[in-house]
Structure formats: C-alpha cells, structure tokens
Amino acid sequence: MRITFQNEPFTPFQDPANHSAYENALQNVRSKLGAHYPIIIGGARIESANKAASVNPARKSEAVGIVSQADKALAEKAIKAAAAAFESWRDVDPNERARYLYRAAAMLRRRKHEFSAWMTIEAGKTRAEADADTAEAIDFMEFYARELQRICQPQPLTPVADEENELYYIPLGVGVIIPPWNFPLAITAGMTTAAIAAGNTVVLKPASPTPVIAYKLVELLEDAGLPPGVVNYLPGPGGTIGDYLVDHPLTRFVSFTGSRDVGLRINERAAVARPGQKWIKRVVAEMGGKDAIIVDRDADLELAADSITAAAFGFSGQKCSACSRAIVHEAVYDAVLQKVIERTKRLSLDDPAKATASLGPVIDDKAYAKILEYIEIGKTEGRLVCGGGKGSEDGYYIEPTIFADVESDARISQEEIFGPVVAFTKAASFAEALAFANATDYGLTGAVISNDRSHLELARREFFAGNLYLNRKCTGALVGAHPFGGFNMSGTDSKAGSRDYLQLFMQAKLVSERY
C-alpha cells in the first residue's frame with residue numbers, strides 16, 4: 001500500500017545549487033527548440049501538412065516547436081481510436097490503472113527541472129511558477145491514483161435480508177480533454193489522468209499556445225507504459241476541430257478549463273443530442289474568475305499588501321484565481337494602496353529564464369492586445385498609480401499595473417482581464433466590501449484579510465466563492481488541501497484535487513441479487 005498522500009515539495013531556489021541545476025535544464029531544453037511534433041492517434045505518429053509554430057512569449061522570434069495540426073478527418077480517427085481502446089481499458093483492474101499514474105509521477109519527479117524549463121520557455125513562467133506547476137502535476141497523479149484505489153473498494157449499503165447488493169463505479173467512455181495554457185502541465189495532467197484513471201479513454205486537444213508541453217506529457221505517459229489509444233494527442237485550431245470533437249456522438253464527456261465564452265459554447269453544444277448518440281453528455285468546466293481580496297479596517301496591513309501583490313502579479317496575473325480586485329476598507333485604503341505600490345515597483349519584469357525575474361511576459365499577441373486595451377479602459381475608470389506601460393519589445397511584456405479609486409461596477413472590476421492588472425476599490429464598511437466582492441458574474445476564489453472574528457465568520461457564510469481564503473492570498477491551491485472550482489460563471493465547481501473529482505468521470509452501478 002502506498003504511503004498517505006503528501007504534496008510534492010517546491011524546489012528551494014534560495015539554494016544556488018538548484019539555480020545551477022535549473023540553468024542546466026534550460027540549456028538542455030534550448031538544444032531541442034524547433035523540433036517537429038506529430039499528432040498521436042492510437043500510438044501512431046502522424047505528420048500533417050498543416051503545421052503551426054509554438055512561440056516563446058519572452059522571445060517572439062524563437063520557435064519552441066513546429067506542431068502538426070489536425071483536421072476533422074484526423075479528429076474522427078482520434079475519436080474512433082479512443083473508442084476502440086476503451087473496450088479493453090475499461091476492464092483493466094483499477095489498481096493496475098493507478099500504478100500507471102504512480103509510475104508517471106515518479107518519472108516526472110525525476111525530470112522535474114526539465115519539464116519546468118519547458119514551461120519557462122513555452123509558457124513564460126519564472127522558475128518558481130514553473131516548479132510549482134510541475135509539483136502540482138505530480139500531486140494530481142499521486143492523489144488521483146490513491147483516490148481510485150479508495151473508490152474501487154466496496155461501497156457501504158444498507159443490508160437487506162436474502163439479498164446481495166453491490167454498488168460500484170464504472171467509466172463513462174470516450175472523453176474530450178481541453179486544457180488551458182496557463183497551467184499547461186498541472187491542469188493538463190490533472191484533467192487527463194483523472195479521466196483515464198477512472199477507466200475512460202480520451203482525446204487531448206492541447207491549448208494552442210502550449211502544445212509542446214502537452215506532447216511531453218503524453219510521451220511521459222507512454223514511457224510509463226500506458227497502452228496506445230488511451231490518450232490521443234490532437235493539436236489543432238478550436239474552430240476546426242473543437243466543435244467537431246464536442247459534437248461527436250461517441251463523445252461521452254467533455255472536460256474543459258478556459259474562458260467563460262468558450263465554456264458556455266461547449267456546454268450549449270454538448271447539450272444537443274446528435275444522431276446515434278445514446279447518452280446525455282457530461283460537461284466538467286472551469287471558466288475563470290474575477291477574484292477579490294477584501295482588506296478589513298483592523299487587518300494586518302503587511303499581510304494584506306503581500307497577499308495582494310503576490311496574487312495579482314504572480315505569473316503576470318494569468319491565473320483564474322488571481323487577485324484582480326482589491327476591496328479595501330476606507331480607514332486603511334490609502335495605507336494598503338501605498339504598500340502594494342511599493343512592493344510592485346520592486347518587481348522585476350524580465351525574461352523568466354533569468355533567476356532574478358519576478359514576472360515574465362503574457363502568453364501571446366492576442367492576450368497582449370487585450371490587456372493593453374483594458375489598461376486604456378482603466379485609465380477612464382480609475383486613477384493609474386503604477387505601471388500601465390510595456391516592457392521589452394522582445395516579448396509580450398506588460399508592466400504590473402494598479403488602478404486606484406475604481407467603482408465596483410466598472411468594466412475593469414467586472415470583466416476578466418487575465419493579465420497583470422489590479423483594481424483598488426474603497427469600501428465604507430465590511431458589509432459593503434462583501435457586497436462589492438459578490439457583485440460579479442463569477443465566483444471562483446476570494447480572500448479576506450481581517451482580525452475581526454465576526455467578519456471572518458460572516459465571510460464564511462456570505463462570500464460566494466468556491467475557494468475562500470482567510471488571512472492568506474487567493475492563489476496557490478494545493479491538491480488535496482484546497483479542492484479547486486468555482487460557482488456561477490466560474491464553472492461547474494468541479495473541485496479538482498478532491499475526493500469527489502474522479503466521480504465526475506464515472507457512473508455508479510447497483511447490482512442486486514436475491515437468493
């Protein structure tokens with residue numbers, strides 16, 4: 001029996017030896033840039049005529065890899081390959097399926113810096129952010145393997161005389177996995193391995209900005225011995241193959257993490273029963289947030305400033321859990337704002353491959369243009385007190401930006417920017433701050449910094465967020481400790497990294513025999 005689950009430790013980069021090891025990993029990855037990456041269907045490598053370059057967002061002129069792009073014919077082939085593999089994979093003993101995950105996690109642990117370095121170069125993550133991403137990927141595989149072994153045990157039922165009753169969980173079928181680019185290893189690994197651990201087979205459509213990291217994950221699973229066809233790697237434009245995969249009558253479920261608009265589109269299309277379809281498709285969706293940190297009048301202001309700065313600007317604010325709103329009691333508003341400005345000005349915007357970088361570029365040209373547009377909107381809705389400009393033209397760099405005196409109903413207080421922008425809003429009371437925090441269409445994460453027990457308890461009851469943090473930042477959820485998922489337009493509250501998550505990819509079957 002495996003030891004009790006424990007979160008993978010983060011690398012202590014204060015040790016110079018770890019920086020040196022990371023530099024070696026970066027050098028190794030750079031020696032492999034520009035390679036071609038094929039589609040993988042049923043274990044076969046397929047080169048398509050249509051290819052797309054994955055670009056280093058810190059160095060726009062640098063191609064990370066050249067990736068074959070699928071069309072509808074290949075999407076059909078991938079679905080059929082997954083369906084064929086399901087016929088045998090569903091019957092594999094759950095303990096055996098768990099061992100594939102344990103093996104992959106152990107292999108990833110031994111190659112931690114290598115995978116993290118790929119994220120530094122393809123996703124623009126600093127070494128600390130990339131290391132946390134890799135650690136979380138390990139956590140997901142270790143945690144879900146244990147959960148599978150737990151859930152496959154006999155389930156408790158009320159006994160009935162002269163009957164044998166058994167409840168057990170069986171897989172759903174073929175799934176489509178559509179992960180995001182911002183956690184290109186952790187979330188991709190979590191979504192994929194949870195589904196296959198449960199006995200399903202999948203078509204993995206990687207995020208367009210980070211297909212190489214997804215390919216490396218599929219290679220890792222293959223090296224761990226996963227049978228062909230259980231995971232099929234199908235990069236390609238969402239407009240070309242995304243709808244086709246979601247609509248397909250053999251698709252049993254869709255697991256999606258990404259934007260609100262795309263998530264709603266998937267949910268709408270999946271709800272339509274197609275010819276030949278035998279089931280109601282299941283959609284598991286996480287669709288972003290507009291997360292707030294509330295600072296009370298009696299709060300620890302140093303903690304508040306540290307929490308806001310870290311949660312707003314970690315990975316350039318490109319987290320669905322990022323603090324994009326700071327709602328501060330008027331009695332301490334000016335002091336907190338000034339402390340956050342001071343901390344933000346000390347951040348280093350630079351190539352994330354450098355050990356001294358605090359934050360790097362945003363992911364691509366589309367994100368760059370969108371965030372800069374929101375900064376211009378912010379100038380009409382608040383007072384620009386920090387940042388607002390561009391960094392080096394070598395990449396998609398945007399300065400960490402703070403707007404003060406923003407109304408709670410302003411666009412930059414309501415719409416997900418997904419970049420290094422935070423809006424400060426003044427509240428006259430804790431009750432008003434809580435009302436402001438809840439006044440969005442989202443409900444993913446939130447935080448309250450306060451020493452007033454009655455206010456903390458009120459927040460427990462009334463702050464409507466799937467993940468609420470008290471006296472800490474609103475980012476940094478740990479697998480097993482902080483099951484992750486949100487309310488309202490933040491998604492289906494899937495609670496990734498929880499005891500409930502695997503059941504989203506399974507269905508319960510009851511067998512009763514009377515003697």
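Scanning segment 479-515 for residues being among the hydrophobic types (A, V, I, L, M, F, W, C), in a strand (DSSP E or B) and closer than 16 Å to F253 by Cβ gives a total of 3.
So that you can scan it fast, the table gives a plain yes or no per residue for (1) touching a Pro at 6+ places or on another chain (Cβ under 7 Å); (2) assigned by TED's automatic domain parsing to the domain that holds R472; (3) under 25 Å from L303 (Cα atoms):
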{"site": "V328", "(1), (2), (3)": "no, yes, yes"}
{"site": "Y368", "(1), (2), (3)": "no, yes, no"}
{"site": "I375", "(1), (2), (3)": "no, yes, no"}
{"site": "G382", "(1), (2), (3)": "no, yes, yes"}
{"site": "S392", "(1), (2), (3)": "no, yes, no"}
{"site": "Y396", "(1), (2), (3)": "yes, yes, no"}
{"site": "S408", "(1), (2), (3)": "no, yes, yes"}
{"site": "A423", "(1), (2), (3)": "no, yes, yes"}
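Against the condition in contact with a Ser or Thr (Cβ under 9 Å, 6 or more places away or on another chain) and assigned by TED's automatic domain parsing to the domain that holds P237, how does V55 come out, does it pass? Considered against the rule, which asks whether it is in contact with a Ser or Thr (Cβ under 9 Å, 6 or more places away or on another chain) and assigned by TED's automatic domain parsing to the domain that holds P237, V55 comes out as yes.
Checking each residue in segment 359-391 for being assigned to a loop (DSSP other than H, G, I, E, B) and on the phi < 0 side of the Ramachandran plot picks out G360, P361, V362, I363, D364, G382, G389, G391.
Scanning segment 127-159 for residues being outside any helix (DSSP H, G or I) and either touching a helix residue (DSSP H, G or I) at 6+ places or on another chain (Cβ under 7 Å) or at positive phi (or both) gives a total of 1. Mind checking whether some residue in segment 200-222 is at pLDDT 95 or above, assigned to a strand (DSSP E or B), touching a Phe, Trp or Tyr at 6+ places or on another chain (Cβ under 8 Å) and surrounded by fewer than 22 Cβ atoms within 10 Å (Cβ to Cβ)? The answer is no; no qualifying residue exists.
In segment 418-432, of all residues being in contact with a Ser or Thr (Cβ under 8 Å, 6 or more places away or on another chain) and among the small types (G, A, S), the one that is farthest from I398 (Cα to Cα) corresponds to A423.
Quick one: would you say T425 is under 16 Å from E286 (Cβ atoms) and buried (at least 19 other Cβ atoms within 10 Å of the Cβ)? Answer is no for this residue.
When you look at T257, is it more than 22 Å from the chain's Cα centre (by Cα), at negative phi and not small (G, A, S), yes or no? Walk me through it before giving the result.
Working: more than 22 Å from the chain's Cα centre (by Cα): no; at negative phi: yes; not small (G, A, S): yes.
Judged against the criteria, T257 is not a match.
When only residues in segment 284-298 that are in a strand (DSSP E or B) and more than 16 Å from the chain's Cα centre (by Cα) count, which is surrounded by the most Cβ atoms within 10 Å (Cβ to Cβ)? Ranking the candidates gives V295 first.
Of everything in segment 414-438, what is in contact with a helix residue (DSSP H, G or I) (Cβ under 8 Å, 6 or more places away or on another chain) and under 30 Å from G360 (Cβ atoms)? Give them in sequence order. Correct list: E415, E416, I417, F418, G419, P420, V421, V422, A423, F424, T425.
Go through segment 446-470 and report how many residues are of a type in the set (D, E) and in a helix (DSSP H, G or I). Full working, then the answer.
Step one: filter segment 446-470 for residues of a type in the set (D, E), giving 452, 457, 462.
Adding the requirement that they be in a helix (DSSP H, G or I) leaves 457, 462.
Adding up the residues that qualify gives 2.
Considering segment 11-90, the qualifying strands (runs of 3 or more DSSP E), each wholly inside and each with 2 or more residues that are surrounded by fewer than 23 Cβ atoms within 10 Å (Cβ to Cβ), run over 35-37, 44-46, 51-55, 63-68. Scanning segment 123-163 for residues that are over 16 Å from the mean Cα position of the chain (by Cα) and within 30 Å of D351 (Cβ to Cβ), we see that the one that is surrounded by the most Cβ atoms within 10 Å (Cβ to Cβ) is T126. Here the condition is being without any contact (Cβ under 8 Å) to a residue 12 or more places away in the chain and outside the structural domain of L264 (by TED's automatic domain parsing); of R472, R460, it holds for R460 alone. Of all residues in segment 408-445, those satisfying the criterion of being outside any helix (DSSP H, G or I) and under 24 Å from K345 (Cα atoms) are E416, I417, F418, G419, P420, V421, V422, A423, F424, T425, K426.
The values are calculated or read from the model by the stated rules, or taken from the named source; none is laboratory data. Here the structure is a predicted model, which is why all the values come from computation and not from measurement. Positions of Cβ are generated from backbone atoms using ideal geometry, with glycine treated the same way; all protein chains shown enter the neighbour counts.
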